[in-house]
1. Working with all protein chains in place, sort Asp72, Asp61, Asp89 by solvent-accessible area computed with a 1.4 Å probe, largest first.
2. Multiplying the sequence separation of Asn111 and Ser123 by 0.36 nm and subtracting their Cα-Cα distance, what value in nm do you get?
3. Counting Lys and Arg as +1 and Asp and Glu as -1, each charge on the Cβ, what is the dipole of the chain about the Cα centre in debye, to the nearest 20?
4. Using a 1.4 Å probe, what is the accessible area per residue for the chain, in Å²?
Amino acid sequence: VQLQASGGGLVQAGGSLRLSCVATGGSLSRSTMAWFRQRPGEDREFVASVSWWDRGNNYGDSVKGRFSISRDYHENAVYLQMNKLKPEDTAVYYCAARLGSTRDRRTSAYNSWGQGTQVTVSS
């Protein structure tokens, strides 16, 4: 499965962006989908995930209440709606997938990764 992330860009603080991640070469219907982000010089950080089994969503503490993850089984895609953006949200955002249901937030729990899309929030 190949994941293609898009939707990043430059936005002012308080603004919104919507990231998309489309899968090709296979179905993600039985996979947990997630978004991670990575700032320069830092480890990749869990942002949000959505399980296929119970459709439960899981969010990192720093984005809870501002970001929302969703998926479209027909489009084989996952989205990240980001509202009330802050300069500290600036990072490269990656989508990831793994077969089955998990609430694991570690990068090692995911075995398919997209190429990343840059999000820059100006103050």
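The values are calculated or read from the model by the stated rules, or taken from the named source; none is laboratory data. Everything numeric here is computed off the predicted structure, so don't read it as measured data. Here Cβ is always computed from backbone atoms with ideal geometry, including for glycine, and neighbour counts include all displayed protein chains. Areas reflect the complete protein model, heavy atoms only, side chains present, ligands, DNA and RNA absent. Shrake-Rupley method; radii C 1.70, N 1.55, O 1.52, S 1.80 Å.
1. Working: Asp72 55, Asp61 125, Asp89 0 Å².
Highest to lowest solvent-accessible surface, that is Asp61, Asp72, Asp89.
2. Details: separation 12, 0.36 × 12 = 4.32 nm, distance 3.47 nm.
Contour length minus Cα-Cα distance gives 0.9 nm.
3. Values: 15 positive and 10 negative charges, 33 e Å.
That gives a dipole near 160 debye.
4. Working: 6250 Å² over 123 residues.
Ligands and nucleic acids excluded, the figure is 51 Å² per residue.
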